[in-house]
Amino acid sequence: LSATPRLMYALFVALEPELHRVRPDGHGFAFAEHLWHLADLETEAFQVRLRRMLDEDAPFLADFDGAAAARSRDYLALDPAEGLRRFTAARARTLEAFSRLRGAEWGRLGEQQGAGTMSLAELPARMLAHDHDHLCQVRGLLSALRREALTMLLGEVNPAEGCA
């Protein structure tokens, strides 16, 4: 989980700024949109789920509609550097919160909309799977942008899981 902000930073500085907002195929996220999505999801979904599962008994955890957020917040018009800063800071806060969890707290449950019951112990794995999905999407984006050399920075993506 701590590797994703580092990978996104490395890609941010390596990718030409004029390509941060480009969607080569006309759909999917541009790099800037990935950054803002990750930032918003971290604070509005992952951190909220963690806090509610600690504070409430078996809360219902609403889904986060990333595509709707991207449209309504116009991620393409926002500063990609700020999205990266927010994601990096938010992920650090999430990891700090995880480090403070003890014993039975990891067994606290919540009902995630569309995904069923989960424990706090399952949240990091779900977050990691989401990170992996976005890193795979970024790999596809870089290929479409003909920036294959930058995909080497994504070597930390678990090759056993592959990209669909």
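For this structure, a couple of remarks:
- In segment 56-85, the residues that are over 27 Å from Ala115 (Cβ atoms) reach residues that are open to solvent by 20 Å² or more (accessible area, probe 1.4 Å) and of a type in the set (Lys, Arg) with C-beta atoms within less than 8 angstrom, at least six apart or across chains, in these pairs: Leu76/Arg21; Pro80/Arg21.
- If the condition is being exposed (fewer than 10 other Cβ atoms within 10 Å of the Cβ) and either in contact with a Lys or Arg (Cβ under 8 Å, 6 or more places away or on another chain) or over 17 Å from Leu61 (Cα atoms) (or both), then segment 92-114 contributes Glu96, Ser99, Arg100, Arg102, Gly103, Ala104.
- Residue list for segment 115-131, restricted to those being assigned to a helix (DSSP H, G or I), open to solvent by 20 Å² or more (accessible area, probe 1.4 Å) and farther than 17 Å from Glu44 by Cβ: Ala121, Glu122, Pro124, Ala125, Leu128, Ala129
- Within the span defined as segment 29-44, one or more residues are under 21 Å from Glu148 (Cβ atoms), open to solvent by 20 Å² or more (accessible area, probe 1.4 Å) and not small (Gly, Ala, Ser).
- Failed condition for Glu82, given (1) of a type in the set (Asp, Glu); (2) over 21 Å from Tyr9 (Cβ atoms); (3) open to solvent by less than 80 Å² (accessible area, probe 1.4 Å): (2)
- Selection count, segment 52-82, where residues are more than 28 Å from His27 (Cα to Cα) and basic (Lys, Arg): 1
- All positions within segment 66-114 that are under 15 Å from the mean Cα position of the chain (by Cα) and either at pLDDT below 95 or at positive phi (or both): Gly66, Ala67, Ala70
- Test result for Thr43, in a helix (DSSP H, G or I), within 23 Å of Arg21 (Cβ to Cβ) and either out of contact with any Asp or Glu (no Cβ under 7 Å at 6 or more places or on another chain) or touching a residue at least 12 places away in the same chain (Cβ under 8 Å) (or both): yes
- Annotation: Glu161 fulfils all but one of (1) charged (D, E, K, R); (2) at pLDDT below 95; (3) open to solvent by less than 70 Å² (accessible area, probe 1.4 Å); the unmet one is (3).
- Unmet requirement for Gly28, which otherwise passes all of (1) more than 14 Å from the chain's Cα centre (by Cα); (2) in a helix (DSSP H, G or I): (2)
- When residues of segment 9-25 are limited to those that are assigned to a loop (DSSP other than H, G, I, E, B) and touching a helix residue (DSSP H, G or I) at 6+ places or on another chain (Cβ under 9 Å), the one modelled with the lowest pLDDT: Asp25
- Test: residue in segment 121-136 that is at pLDDT 95 or above, more than 19 Å from Glu33 (Cα to Cα) and among the small types (Gly, Ala, Ser): yes
The values are calculated or read from the model by the stated rules, or taken from the named source; none is laboratory data. A quick note: this is a predicted structure, and the numbers were derived from the prediction, not measured. Here Cβ is always computed from backbone atoms with ideal geometry, including for glycine, and neighbour counts include all displayed protein chains. The protein model used for the area step is the full one, side chains on, heavy atoms only, and it has no ligands, DNA or RNA in it. Shrake-Rupley method; radii C 1.70, N 1.55, O 1.52, S 1.80 Å.
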